[in-house]
């Protein structure tokens with residue numbers, strides 16, 4: 001079996017990590033050969049070099065130049081793949097002519113979020129609907145995402161993200177991590193997300209300041225980069241500034257998450273609906289209770305009042321109350337963390353994800 005993986009770039013991001021984790025597992029199987037095509041020379045994962053992956057770079061200059069179609073066609077003509085597995089709507093659209101001309105099965109894996117109130121007037125929705133017509137199968141990482149995009153039921157499947165527990169083998173010493181980030185408080189709360197409108201850092205910061213107005217034994221970590229970083233940093237009052245730490249993007253996310261007490265994911269549901277969040281997977285795999293905005297794929301990971309709490313969008317006071325509750329009840333926190341890890345081990349493990357993708361590939365080829 002030969003597969004071309006088609007993705008916009010290999011920057012730090014959820015779908016990029018998910019694809020590379022799948023690629024890593026497929027590289028262990030003898031009868032599978034694959035190559036990767038990206039449209040921007042942005043590679044931020046060491047695994048690409050470690051596995052010596054074959055990566056083609058097609059630069060889209062100008063952005064809608066037909067040269068991109070011709071270059072992809074030439075790559076596929078030479079490699080002769082059985083399957084093109086695309087990881088975004090635009091990548092799928094670029095793949096359609098080649099898939100049709102060379103009779104290659106097209107796997108459309110573009111659904112990684114679950115927007116609310118999506119309709120044909122939205123360009124992303126319209127393009128996705130067009131791409132579904134020419135796709136042999138449509139994959140979303142959440143059932144909520146498939147429903148939101150109104151993907152055709154007859155050729156759609158949800159394959160949940162799989163967490164690789166090998167990532168937890170070489171965690172750094174907690175004392176070292178605390179010293180590195182100058183954490184001196186008893187408790188640590190963290191949010192791992194891009195500083196973008198869709199991730200609603202405003203609610204997290206407001207909740208942090210509400211908590212810190214009542215106690216000073218908590219450090220709040222804001223982990224990530226993005227266009228709203230400085231705006232978010234400037235929104236913090238001087239009274240609580242010392243208890244909020246902006247780490248920027250970091251490589252060893254697992255070691256940092258290992259020392260926290262609560263993991264947060266607040267989402268702006270008016271502009272974005274979560275698919276399956278890698279941040280939540282990381283929190284739960286490391287036995288941390290989760291407080292997250294309810295809706296979308298998040299409801300498929302977090303079990304309310306069992307592995308954490310699902311709260312309404314833009315509700316800083318409710319978030320602050322739940323943070324207090326978890327920090328002040330160590331038995332509850334430990335129980336939620338244990339149940340969360342158990343859930344990831346059973347339902348969101350990497351072997352299950354890989355096996356499901358393989359099953360999809362094999363069924364497609366059997367129907368050729």
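The values are calculated or read from the model by the stated rules, or taken from the named source; none is laboratory data. Everything numeric in this text was worked out from a predicted model, so none of it was measured. Glycine gets a Cβ as well: all are built from the backbone with ideal geometry, and neighbour counts include every protein chain shown.
Could you please give the count of residues in segment 221-241 that are surrounded by 15 or more Cβ atoms within 10 Å (Cβ to Cβ) and in a helix (DSSP H, G or I)?
The qualifying residues number 3.
Being part of a loop (DSSP other than H, G, I, E, B) and surrounded by 12 or more Cβ atoms within 10 Å (Cβ to Cβ) is the filter; apply it to segment 52-64 and report the residue that is nearest to the chain's Cα centre (by Cα). Don't jump to the end; show me each part of the working.
Just the residues of segment 52-64 that are part of a loop (DSSP other than H, G, I, E, B), to begin with: 52-54, 58-64.
If we keep only those that are surrounded by 12 or more Cβ atoms within 10 Å (Cβ to Cβ) as well, we get 53-54, 58-60.
On the way: 53: 22, 54: 23, 58: 24, 59: 25, 60: 25 Å.
That would be 53.
With (1) surrounded by fewer than 15 Cβ atoms within 10 Å (Cβ to Cβ); (2) in a helix (DSSP H, G or I); (3) modelled with pLDDT under 95 as the list, and residue 117 as the residue in question, which single condition is left unmet?
Against the list (1) surrounded by fewer than 15 Cβ atoms within 10 Å (Cβ to Cβ); (2) in a helix (DSSP H, G or I); (3) modelled with pLDDT under 95, residue 117 comes up short only on (2).
Suppose we filter 224, 248 for residues that are touching a strand residue (DSSP E or B) at 6+ places or on another chain (Cβ under 7 Å), closer than 21 Å to residue 281 by Cα and at pLDDT below 95; which single one remains?
224
Being in the same structural domain as residue 89 (by TED's automatic domain parsing), farther than 22 Å from residue 14 by Cα, part of a helix (DSSP H, G or I) and touching a residue at least 12 places away in the same chain (Cβ under 8 Å), is that true of even one residue in segment 105-114? Step through it out loud before you land on a result.
Going residue by residue through segment 105-114, those that are in the same structural domain as residue 89 (by TED's automatic domain parsing) are 105-114.
Filter once more, keeping what is farther than 22 Å from residue 14 by Cα: 105.
Right, trim to part of a helix (DSSP H, G or I) and you get none.
No; the residues of segment 105-114 include none that is in the same structural domain as residue 89 (by TED's automatic domain parsing), farther than 22 Å from residue 14 by Cα, part of a helix (DSSP H, G or I) and touching a residue at least 12 places away in the same chain (Cβ under 8 Å).
Given 31, 67, 80, which one is surrounded by fewer than 14 Cβ atoms within 10 Å (Cβ to Cβ), on the phi > 0 side of the Ramachandran plot and over 27 Å from the mean Cα position of the chain (by Cα)?
Only one candidate qualifies: 80.
Tell me, which helices (runs of 4 or more DSSP H) wholly within segment 264-342 include 3 or more residues that are more than 20 Å from the chain's Cα centre (by Cα) and buried (at least 19 other Cβ atoms within 10 Å of the Cβ)?
Working: elements: 278-285, 298-301, 316-327.
Here the list reads 316-327.
Quick grid of which residues meet (1) touching a strand residue (DSSP E or B) at 6+ places or on another chain (Cβ under 7 Å); (2) farther than 19 Å from residue 263 by Cα; (3) in the same structural domain as residue 321 (by TED's automatic domain parsing):
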site: 144; (1), (2), (3): no, yes, no
site: 153; (1), (2), (3): no, yes, no
site: 156; (1), (2), (3): yes, yes, no
site: 179; (1), (2), (3): no, yes, yes
site: 189; (1), (2), (3): yes, no, yes
site: 195; (1), (2), (3): no, no, yes
site: 215; (1), (2), (3): no, no, yes
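On the given criteria, is residue 124 outside the structural domain of residue 360 (by TED's automatic domain parsing) and either free of Cβ contacts under 8 Å to residues at least 24 places away in the same chain or under 30 Å from residue 269 (Cα atoms) (or both)?
Here the answer is no, as residue 124 does not meet what is asked.
Select from segment 284-294 the residues that are within 16 Å of residue 342 (Cα to Cα) and in contact (Cβ under 8 Å) with a residue 60 or more places away in the chain and list them in ascending order.
From segment 284-294, those within 16 Å of residue 342 (Cα to Cα) are 284-290; that's our starting set.
284, 285, 286, listed by residue number.
Can you confirm whether segment 167-182 contains a residue that is touching a helix residue (DSSP H, G or I) at 6+ places or on another chain (Cβ under 8 Å) and exposed (fewer than 14 other Cβ atoms within 10 Å of the Cβ)?
Within segment 167-182, none of the residues are touching a helix residue (DSSP H, G or I) at 6+ places or on another chain (Cβ under 8 Å) and exposed (fewer than 14 other Cβ atoms within 10 Å of the Cβ).
Could you list, in sequence order, the residues of segment 183-201 that are under 14 Å from residue 314 (Cβ atoms) and either at pLDDT 95 or above or buried (at least 19 other Cβ atoms within 10 Å of the Cβ) (or both)?
199, 200, 201
Please count how many residues of segment 147-172 are within 16 Å of residue 15 (Cα to Cα) and either in a loop (DSSP other than H, G, I, E, B) or at pLDDT below 95 (or both).
So the answer is 6.
Within segment 37-51, restricting attention to residues that are in contact with a helix residue (DSSP H, G or I) (Cβ under 7 Å, 6 or more places away or on another chain) and not in a loop (DSSP other than H, G, I, E, B), which residue is nearest to residue 88 (Cα to Cα)?
Ranking the candidates gives 37 first.
Could you list, in sequence order, all residues of segment 348-368 that are over 17 Å from residue 139 (Cα atoms) and under 20 Å from the mean Cα position of the chain (by Cα)?
Correct list: 349, 351.
If you check residue 103 against the conditions, is it surrounded by fewer than 16 Cβ atoms within 10 Å (Cβ to Cβ) and at pLDDT 95 or above?
yes
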